[in-house]
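The next block holds one structure in the form of structure tokens; read it before the comments.
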There are 2 protein chains.
Amino acid sequence: MTDLQTNSETPAQAACHLMLKRVAIDTYSENVAYMHRDCGVYRAEGFQALSKIAITNHGHRILAVLNVVDDANLVGLDQLGLSEQAFAQFGGQEGEQVHVAHAEPPMSMDAVRRKMGGERLQLEDFQAITRDIVDNRYSKTEMAAFLVASGQTGLDRDEILYLTQAMLESGDRLDWDEALVADKHCIGGIPGNRTSMLVVPIVTAHGMLCPKTSSRAITSPAGTADTMAVLAEVELSVERLQQIVRSTNGCLAWGGAAELSPADDILISVERPLGMDSPGQMVASILSKKIAAGSTHLVLDIPMGPTAKVRSMPAAQRLRKLFEYVASMLNLQLDVMITDGSQPVGNGIGPVLEARDVMRVLRNDPAAPADLREKSLRLAGRVIEFDPDVRGGDGWRIARDILESGRALAQMEAIIDAQGRRGELPALGELTLEMKAPNSGTVCSIDNLRLARIARLAGAPQVMGAGVDLLHKVGDPVIAGQALYRIHARYPADLAFAREMALSDSGYVLDSTGQPAQ
Amino acid sequence: MTDLQTNSETPAQAACHLMLKRVAIDTYSENVAYMHRDCGVYRAEGFQALSKIAITNHGHRILAVLNVVDDANLVGLDQLGLSEQAFAQFGGQEGEQVHVAHAEPPMSMDAVRRKMGGERLQLEDFQAITRDIVDNRYSKTEMAAFLVASGQTGLDRDEILYLTQAMLESGDRLDWDEALVADKHCIGGIPGNRTSMLVVPIVTAHGMLCPKTSSRAITSPAGTADTMAVLAEVELSVERLQQIVRSTNGCLAWGGAAELSPADDILISVERPLGMDSPGQMVASILSKKIAAGSTHLVLDIPMGPTAKVRSMPAAQRLRKLFEYVASMLNLQLDVMITDGSQPVGNGIGPVLEARDVMRVLRNDPAAPADLREKSLRLAGRVIEFDPDVRGGDGWRIARDILESGRALAQMEAIIDAQGRRGELPALGELTLEMKAPNSGTVCSIDNLRLARIARLAGAPQVMGAGVDLLHKVGDPVIAGQALYRIHARYPADLAFAREMALSDSGYVLDSTGQPAQ
């Protein structure tokens, strides 16, 4: 079929060769290549800023987005710079020759474009997309295009199932070789709410396997991994994790060491700055992570309230059905609880403060926050009822007995020791500031989003001792001038940011005058 | 209402100060800030990679996306680096102190999120979005989110009108102080097709005002500005442009010197790498640019064909109605022509080759491509019929008389002289390669996309003399071994890329055997 004749020399590929250079810029999951504006290859090829280029050598091949550089100290005229993770992924040596060429967009972008056009995608499409994402073939804009096209109302429940499967297949899976591996997860959005650190000791004390892996906070003031890190090591290899779970039935570890659903981690890095949290992505993200972690049974907490992620009962029920459908197709036993998300759960917001609340509950301390204790018992009870030997309705009582008897505390201490106890607990932020009630009355609402933001500005979770300590909760009577909450920070600038935010709106509403407490 | 008391020192804002540094990386329309991973501010603030931060000093304020740096030679521990355009926009001096803080996403992202949720947006929303985009407050992912959310079926015709208005208001407007300012535009997608360079001389010779501003090629092998640049200066200030048009009635200039619809330019830089070309964005982009350039009357060419942008008559008619609706609401007289887009128009693809075709038509050279001549006469005729003194149906004959009499050529020479004639014409690429017919038969189709891609890989438009010269068009009989087209390149590597692409699929189909000519 081919009848091509050339009337020129065989082209010298040498013209497209450049020397590899590592550029110490962290562009996270986007491969970026840096080329000098006066570089011969750049000029000859007609590359443009933001072009996709392919870099190859000795069988290595990566795609990267091109940034144009005007400083030869950064990247020389005969050099090709790669950002840190692109350099690591390429696996070459500085100074070695690499070949650069125009790159087609990743193949699976065709499927993304079909999604943009409103079409339904198939399992193979989602598999191709997640594979290309994990291999860093997508630019940030391509990922944003996929997320937005499939966001909100863009995925039906079968597509959400396919996406979950594809994310699951994008990484490793843990296998605990047990018929019942229990887990508990919350969709997030409620400050405090550190129930996992109570559920895990209780249900593992009951004898169930519960290897809980959690993320660090991304947009919240503390995740379970951040809070557990106050007490123990959380960055554990998969091998250590398995030893610990064999010896104590459970763990409270950071999930990032295992490559569980890596496509999810990458997509989240683009999704969060956009403020997106679509139901389809949420279901696929949570279920792929849990199944990859080897869970067979899951209690899922969906908090519902005016400043929670889910704001009405119909929305909560729709989300519940989606979770149930995908879980059932993937053979995960799922029990959904729609809970009160109208205010933060517990008193502390920020790693040290939340760890304090958890330990108070475990110690049956009278100062323990009652709402955190009660919610954790209900969740633990539902997990315990996965046990075939437990009658429906008996779970809460069993959980309460384990907590009150001190067995939950002992179990938590065992888990802390197994993971590696921290020598000295990090201190609470010494710089403090109290927000006072402007008038006497009753606390009638606390804004989750506002309090989370104030705690983050105060330094949480990077500064473990930073955050907000709630001194009054909804329904509490307060008198004018009494402190509503206390902000803790380590650095003056953090306190200034948090103060500015709290001054513009404290997040508390008192009902005696109908005026917000600012 | 405020009753805040602090029990700490007033925080020293000094902790958030860094010294400004210019980083010579061109990140185009996205402001990027570079901060060292061990910088005190970075650690204290809990900024994350891809966070939005605000940089302020003496009333200057910009938003930027954060990249984390691990090399103190790039950005020191006490420095804040800004990419080139961010540095220019900020307007500060290297070494001066700047203040950095967490930034909220740009206000108008609320509207983008509503669009993602399927809501209709109002004029004010589009105005806020385009303002924030022009002020570089959007990250690339935020722009992608807007484009995808409003792409494809996401905008109704009133929203397209609002977007057009908002884009128009985002920049300057030229005013020619004439009742009839004629223009001609094609939606693109067809290689060759340099009709503007024939329409402008013809209609200005007829006495009409036609100040044609064009873009350079973005994803095509040549734009009108690239091709005109073979013959004359095209980068002209607004003042020069106005002088030239006063003296010759018209021009063929690059539109980038004037700030016409700058929001459009920025959005296109994100849209094109994603391969998006939604009807709403197309209408808003073209009409905002034309109205900003001062046009009152426009002939719009919508080529339709299996490898054109518009692939069916119903799709072409829908697009026509959209253009007509928005144009009529904005008082632009619009005449839409749906034309044959089944193959490239003219023989040459690439700046020098296309300029050659244009000049052959103007000189009434027997070697001039008949299809380019005929199409240009039809378009010019329709523009001429905007003249109230011309009877409907007489335009084509008037245009033909102007062309055949040599008045169009004389007019083109006058425009070239007015803009600034190039001393020596750039040479055609000396490295050539012919694609031969694998069998005898008749050319039954030529793939626009494939030929455009081969011409780009050969070096067009950066290398003016590079491209593809079509030796046979649809309907031509060819015999086995006869050349179908000739690729021209300057650099061996370019020829190799183009050869590889042409070998995988030549883009020609011959009908005698039913097999594609590879």
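The values are calculated or read from the model by the stated rules, or taken from the named source; none is laboratory data. As the structure is a computational prediction, the values presented were derived from the model and not from experiment. We place every Cβ from the backbone using ideal geometry, glycine too, and count neighbours over all the protein chains shown. Just so you know, the surface numbers come from the protein's heavy atoms only, side chains and all, with ligands and any DNA or RNA stripped out. Shrake-Rupley method; radii C 1.70, N 1.55, O 1.52, S 1.80 Å.
Miscellaneous remarks
- Neighbouring partner chain Cβ atoms per residue of A:494-502, average, 10 Å criterion: 4
- Inter-label distance, B:GLU235 to A:ILE338: 6.2 nm, where each label sits 7 Å from its Cα along the C-beta direction.
- Summed side-chain charge close to B:ASP357 - residues other than B:ASP357 whose Cβ falls under 15 Å, Lys, Arg +1, Asp, Glu -1: +2
- Counting Cβ atoms of other protein chains within 10 Å of each Cβ in B:275-282 and taking the mean gives 2.
- Cα-Cα over 18 Å, subset of A:LYS212/A:LYS289; B:LYS212/B:LYS289; B:LYS184/B:LYS212; A:LYS115/B:LYS115: none
- Mean sequence separation of contacting Cα pairs (under 8 Å, at least six apart), scaled by the length of chain B, corresponds to a relative contact order of 13 percent.
- Computed packing ranks the peptides A:201-214, B:386-399 as A:201-214, B:386-399, most packed first, by mean other Cβ atoms within 10 Å.
- Principal axes of the stretch B:117-181: Cα extent on each, largest first, Å: 44, 27, 19
- With a 10 Å cut-off around each Cβ of B:19-32, the average count of Cβ atoms from other chains is 4.
- Percent carbon-and-sulfur accessible area, the protein assembly as shown, ignoring ligands, DNA and RNA, probe 1.4 Å: 47 percent
- Per-q log10 I(q)/I(0), the protein assembly as shown, q = 0.04, 0.07, 0.10 Å⁻¹ (Debye; single scatterer per alpha-carbon; no solvent): -0.24, -0.70, -1.23
- Kirkwood analysis of the Cα pair distances in chain A returns a hydrodynamic radius of 25.2 Å.
- Against the rule of thumb 2.2 N^0.38 Å, how large the Cα Rg of the stretch B:269-409 comes out: 1.15
- Kirkwood-type radius of the stretch A:452-518, with distances r between different C-alpha atoms, in Å: 12.5 Å
- Accessible area buried between chains A and B, both sides summed, probe 1.4 Å, in Å² to nearest 100: 7100 Å²
- CD proxy at 222 nm, helix term only [per DSSP H run n ≥ 4: -39500 (n - 2.57); per residue of chain B; nearest 500]: -11500 deg cm²/dmol
- The convex hull around the C-alpha trace of the stretch B:345-469, projected and averaged over every direction, spans 10.4 square nanometres.
- The stretch B:354-386 and the stretch B:51-76: distance between their alpha carbon centers, rounded to Å: 53 Å
- Semi-axis lengths, Å, the stretch B:19-107, gyration tensor of Cα atoms, sqrt of 5 times eigenvalues: 16, 15, 13
- Here the Kirkwood formula puts the hydrodynamic radius of the stretch B:353-414 at 11.9 Å, using every distinct Cα pair.
- Whichever lysines have a C-alpha closer than 17 Å to that of B:LYS473, once near sequence neighbours (fewer than 8 apart) are set aside: B:LYS375, B:LYS436
- Cβ-Cβ distance of B:ALA88 and A:ASN73, R₀ of 22 Å, FRET efficiency by 1/(1 + (r/R0)^6): the value works out to about 0.65.
- With the convex hull constructed from alpha-carbon coordinates only, the stretch B:96-152 shows a mean projected area of 4.8 nm² over all directions.
- Listed residues B:MET337, B:VAL69, B:GLY481: farthest to the positive end of the dipole of chain B (Cβ charges): B:GLY481
- Loop-located trypsin sites (Lys or Arg not before Pro) across the stretch A:99-187 with a Cβ neighbour count of 13 or fewer within 10 Å are A:ARG120, with loop assigned by DSSP.
- By the rule of a C-alpha distance below 14 Å, with chain neighbours fewer than 8 residues away ignored, the aspartates and glutamates paired with A:LYS309 are A:ASP277, A:ASP301, A:ASP340, A:ASP447.
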